[in-house]
Amino acid sequence: MKEFLLTALSPLLAAWCAVNRIGSDGETVLAPGERISVDSALRAITIDAAYILNRDDRLGSIEVGKHADFTVLDDDPYQVHPEHLKDIEVHDTVLAGESTN
C-alpha cells in the first residue's frame, strides 16, 4: 500500500505557485506560458473553488445572502510584487460574520 504525505496548503501559497511557476531551486520558471494573473489566481482560491464544490450560492464571494466568511490580509495581493504573494500575512479571519481573533 502506498503512503502519502498530506500537508495543509495555504491558499496564498497556491496562488503564488500559479502566478509565478517558480521551481524548487527558487529561480527556474517552470512552464512560463502556464502562469496566470494574480486576479485569476485569487478567483481560483475563492469563487472558482466554491463553484467546483457546488457551493458558490453560499461561498466564494462577498454578496448579500452568502456566508460572511473571509480573511483580512496585511497587504493587498494586487499591490505586492507577485513573488511576495505567499508572504502576505493574514490579519484576521471572519467566519459567519464573527472575527476569530
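The values are calculated or read from the model by the stated rules, or taken from the named source; none is laboratory data. Please read all numbers here as calculations on a predicted model, not as lab measurements. Note that each Cβ is placed from the backbone with ideal geometry, even for glycine, and that neighbours are counted across all protein chains shown.
Being modelled with pLDDT of 90 or more, assigned to a helix (DSSP H, G or I), in contact with a Ser or Thr (Cβ under 8 Å, 6 or more places away or on another chain) and surrounded by 14 or more Cβ atoms within 10 Å (Cβ to Cβ) is true for just one of Ala18, Ala41, Ala49. Which residue is that? Just a single option satisfies the conditions, and that option is Ala18.
Taking the criterion of being farther than 20 Å from Asp48 by Cα, in a loop (DSSP other than H, G, I, E, B) and among the hydroxyl-bearing types (Ser, Thr, Tyr), the only residue of segment 60-101 that qualifies is Thr100.
Examine segment 20-30 for a residue that is touching a residue at least 60 places away in the same chain (Cβ under 8 Å) and touching a Lys or Arg at 6+ places or on another chain (Cβ under 8 Å), and state whether such a residue exists. Within segment 20-30, one or more residues are touching a residue at least 60 places away in the same chain (Cβ under 8 Å) and touching a Lys or Arg at 6+ places or on another chain (Cβ under 8 Å).
Test Arg55 against the criterion of being at pLDDT 90 or above, surrounded by 12 or more Cβ atoms within 10 Å (Cβ to Cβ), in a loop (DSSP other than H, G, I, E, B) and among the charged types (D, E, K, R), and give yes or no. So Arg55 passes the test.
Check whether at least one residue in segment 43-50 is under 11 Å from the mean Cα position of the chain (by Cα), under 30 Å from Thr28 (Cβ atoms) and of a type in the set (Ser, Thr, Tyr), and report yes or no. Checking segment 43-50: at least one residue is under 11 Å from the mean Cα position of the chain (by Cα), under 30 Å from Thr28 (Cβ atoms) and of a type in the set (Ser, Thr, Tyr). Take the conditions (1) surrounded by fewer than 14 Cβ atoms within 10 Å (Cβ to Cβ); (2) free of Cβ contacts under 8 Å to residues at least 40 places away in the same chain; (3) within 13 Å of the chain's Cα centre (by Cα); Tyr78 misses just one of them, which is (2).
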